[in-house]
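Remarks on the structure that follows.
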Amino acid sequence: MTDNGLQRGESGLQVYVMCEIPSNVILAADFATRFDGFSIGSNDLTQLTLGVDRDSRELASLFDEQEAAVKWMIGTVITEAHRARTKIGLCGQAPSDHPDFAAFLVECGIDSKSVSPDSFVAVKRIVAAAEAKR
């Protein structure tokens with residue numbers, strides 16, 4: 001970055017990275033010192049945590065963002081990011097496809113989440129209800 005005239009923190013520049021592989025979660029505390037924030041790529045993190053190719057006809061039915069190991073990964077990286085005072089969000093289909101997953105993210109304290117346009121209103125209601133319980 002510096003070779004291209006970019007300096008983290010200069011003129012408000014923040015550096016965010018994707019968290020899509022299990023090693024990103026395992027080493028989240030170390031990564032958090034190097035970056036200003038994370039975006040959890042839940043589709044890839046799920047695929048790599050479960051060892052399941054979501055595009056395979058034979059295996060796609062096993063792809064589940066709500067599986068305990070995946071939720072542990074997501075909850076853990078959110079905790080580690082916040083411990084380091086680093087922002088963390090999520091991009092992926094899970095909150096759009098599974099409204100209760102959006103509530104889980106609120107319970108974990110995630111800073112932001114993306115959803116598909118067709119699910120925005122429904123997810124917004126669920127998030128508001130979950131935030132009211134916090």
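The values are calculated or read from the model by the stated rules, or taken from the named source; none is laboratory data. It should be emphasised that the depicted structure is a prediction, and the values quoted were computed from it without experimental measurement. We place every Cβ from the backbone using ideal geometry, glycine too, and count neighbours over all the protein chains shown.
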Extreme residue, farthest from GLN7 (Cα to Cα), among residues of region 57-88 that are buried (at least 18 other Cβ atoms within 10 Å of the Cβ) and touching a Lys or Arg at 6+ places or on another chain (Cβ under 9 Å)
GLU65
Taking region 17-73 as the region of interest, how many residues are basic (Lys, Arg) and touching a residue at least 24 places away in the same chain (Cβ under 8 Å)?
1
Candidate set from region 6-39 (those that are touching a helix residue (DSSP H, G or I) at 6+ places or on another chain (Cβ under 6 Å) and of a type in the set (A, V, I, L, M)); member that is modelled with the lowest pLDDT:
ALA32
Go through region 94-134 and give me each residue that's within 16 Å of CYS19 (Cβ to Cβ) and not in a helix (DSSP H, G or I).
GLY109, ILE110, ASP111, SER112, LYS113, SER114
Within region 1-56, considering residues that are surrounded by 15 or more Cβ atoms within 10 Å (Cβ to Cβ), closer than 24 Å to HIS98 by Cβ and aliphatic (A, V, I, L, M), the one nearest to the chain's Cα centre (by Cα)
ILE40
